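Only one structure is covered here, and it is reproduced in the block below.
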Amino acid sequence: MASGAIITGTEARSVAFSAVDRVTRELVGTAKKIYVEPEVGFRERKTSARIARSLRGLGLTVEEGIAHTGLKAVYEFDRPGPRVAVICELDALRVPSHSGSDPDTGAAHACGHHTQAGMMLGVAHALTQPELRGLLSGSVAFIATPAEEFIDVSERLEMRKAGLLQFLSGKQEMLRLGTFDDIDMAMMMHTASGDGSPRITVGGTSNAHIVHHVRFVGRSAHAGGAPDRGINALQAAMLAINAINTQRETLQEKHIARIHGIITKGGTAVNAVPDNVVYEGRVRAMQADALADLNEKVLRCYRAGALGVGANVEITTIPGYLSMQNNVEMQDVFSRNAELVVGASNLRCTEDAESRGGSTDMGDLSTVMPAIHPYTSAAMGTGHGPDYVIADYDLAVVAPAKIMSATVIDLLSNDASGAKRVLENYRPVMSRAKYLAMQAERFQTELYKGV
Ligand SMILES: [Zn+2]
Ligand SMILES: [Zn+2]
C-alpha cells in the first residue's frame, strides 16, 4: 500500500498490527528497562526521558517537564477531527520487599506501570504509519502522566508549599495545567493479576478517596524524669487509630469503604515524650456521599485522639481521586477490538457498580471527558505486594498496543464518525472548571486544640 492510497478499516488495522509486531522486542525491552529503574511520583526523570527519546525517534515533537516529569506529543492525521489521548503512567510505588525494588529508595514497579510505556509506544508506532495518515481524521496525543500512586504525602505537601505543585497527583496536576484542555477523550490500560488466561477486563469503577496528613503535636519532656510534664503525641495518634477502628462496624458492604493509614513519624528520641507524630491516612468509598460521611467520622477520630491526651492536631484534608466512569461507547469500540486480539472468550465485562477497591486519577479525568481504563491480566501475585510481577509481556504490552491502536482507528476513521458520536452522546459529570474549583476547595487545613 502506497502512502496516500485509500484503505479500508480492516486494512488499517492490519497495518497497525504489523507495525506493532515489527517492534515487539523494542516495546517489551523498553518496559523491562523501566522496570529495573523504578522511580516514584514526580521523580520519574529517567523513565520520562526514555519515553521522550522513543517518541522523538518516530518524528514527534515532545513537550517535556509537564507537572515536573510528564510529557505530551501530538500526532495529527491529514484531516481535522477530535483528539484522542493514549496515556501511560510513569511512576513506581514503594515496596522495599519487592524483588524488583531499588535498594536505595525502595521504589518498585509493584503496580505494573512500566508496561504502560511499552503499550503507548506501540500505539505510537502503529498510528504513525504513513498509510494511516489519509484515512484518519483528527489527532492522537501521547501523554505520560507522573505520580498516579498517591504516596509521599508529606514530601508532596512540601512541594506544594514551595509552589511546585497545587494538586498531589499527576493527572490532577495536568488537568490544572491545561494539558488536557485540547483532549476530547482518553484511554489507557492497566495490568491486573490473572490466572494465566489472556484476559482483558472492561467496565467497573474504582473507589473515590480522600487523603489526610495528620500531625499530632504534644509537648516534649524527659520520658523517665518528667513524663508527667509531657504531652504524648504518639498516644494521641494511637487513640485516634483506635477510635477509627470503632467506626468499622458502621461501614456498609455496598460502599466498598476502606480506612487505612501509616505513621510516617512516630517520635524523635526514645528518651523524650514524642511531641510530633505524623499519620498519613486515607478513606475510600465508591460513592461520593458515602465517602463524605466516612471522611467526617475519621476527622472526628483524629480530634478525639488529640482531646484524649490534651494534644493538638493539625489535619490537612487533601483532594484524592474521583470514581472511574468508563465511557460505554468507547468501551464498546475497545471491546470489539479486544475480542479480535485475544478472542471473545477472554473478554470480561465488570458491572458498572463494581469497584476493585483501589483508586486512580484516571477517575478524575473520566469526570470531565469520555475515558476508559480497562485491565489486562498479564501479571501474577498481589497488586502492590512483594510478588506482583508481569507473567506475560505479550499480554502486558503487545496486545494492549494493538487493541488501543485499533480502537483509535475505529474512532477516527470515516471522518471520525465514531469519536464524534461518543462526543455527541457524552455529558460530563462536571465541567473542567468546576472540577478544578471543587478539588481546590476540598484542600483544607484544620487545627484542633485538645489542650
Ligand atoms: Zn497502584
Ligand atoms: Zn497502578
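The values are calculated or read from the model by the stated rules, or taken from the named source; none is laboratory data. Just so you know, these numbers come straight off a predicted model, no measurement behind them. Glycine gets a Cβ as well: all are built from the backbone with ideal geometry, and neighbour counts include every protein chain shown. These area figures cover heavy atoms from the full protein model, side chains too; ligands, DNA and RNA do not enter into them. Shrake-Rupley method; radii C 1.70, N 1.55, O 1.52, S 1.80 Å.
Key figures for this structure:
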{"quantity": "Residue in the stretch 187-202 that is more than 16 Å from ligand 2 (Cβ to nearest atom), assigned by TED's automatic domain parsing to the domain that holds Q116, open to solvent by less than 50 Å² (accessible area, probe 1.4 Å) and outside any loop (DSSP other than H, G, I, E, B) present", "calculated": "yes"}
{"quantity": "Meets criteria (of a type in the set (A, V, I, L, M), farther than 25 Å from D184 by Cβ and assigned by TED's automatic domain parsing to the domain that holds S197) for V342", "calculated": "yes"}
{"quantity": "Among the residues listed as T24, T30, the single one being modelled with pLDDT of 95 or more and more than 30 Å from S169 (Cβ to Cβ)", "calculated": "T24"}
{"quantity": "Looking only at the stretch 415-447, and only at residues there that are of a type in the set (S, T, N, Q) and in contact (Cβ under 8 Å) with a residue 12 or more places away in the chain, the one that is farthest from H190 (Cα to Cα)", "calculated": "T445"}
{"quantity": "Qualifying residue in the stretch 389-398 (condition: in the same structural domain as P198 (by TED's automatic domain parsing), open to solvent by 10 Å² or more (accessible area, probe 1.4 Å), within 16 Å of ligand 1 (Cβ to nearest atom) and under 30 Å from A285 (Cα atoms))", "calculated": "yes"}
{"quantity": "Scan of the stretch 96-122 for residues that are open to solvent by 10 Å² or more (accessible area, probe 1.4 Å) and touching a Phe, Trp or Tyr at 6+ places or on another chain (Cβ under 8 Å), ordered by number", "calculated": "G100, C111"}
{"quantity": "Residues satisfying the stated conditions in the stretch 350-400, i.e. closer than 21 Å to N207 by Cβ and aliphatic (A, V, I, L, M)", "calculated": "A353, M362, L365, V368, M369, A371, I372, A379"}
{"quantity": "Helices (runs of 4 or more DSSP H) contained entirely in the stretch 41-152, each with at least 1 residues that are within 16 Å of ligand 2 (Cβ to nearest atom) and among the small types (G, A, S)", "calculated": "114-127"}
{"quantity": "Any hit, the stretch 317-340, residues being away from ligand 2 (no atom under 14 Å from the Cβ), out of contact with any Gly (no Cβ under 6 Å at 6 or more places or on another chain) and closer than 30 Å to G230 by Cβ", "calculated": "yes"}
{"quantity": "H125 being open to solvent by 10 Å² or more (accessible area, probe 1.4 Å) and within 16 Å of ligand 1 (Cβ to nearest atom)", "calculated": "no"}
{"quantity": "Looking only at the stretch 343-359, and only at residues there that are at negative phi and more than 25 Å from the chain's Cα centre (by Cα), the one that is least open to solvent (accessible area, probe 1.4 Å)", "calculated": "A344"}
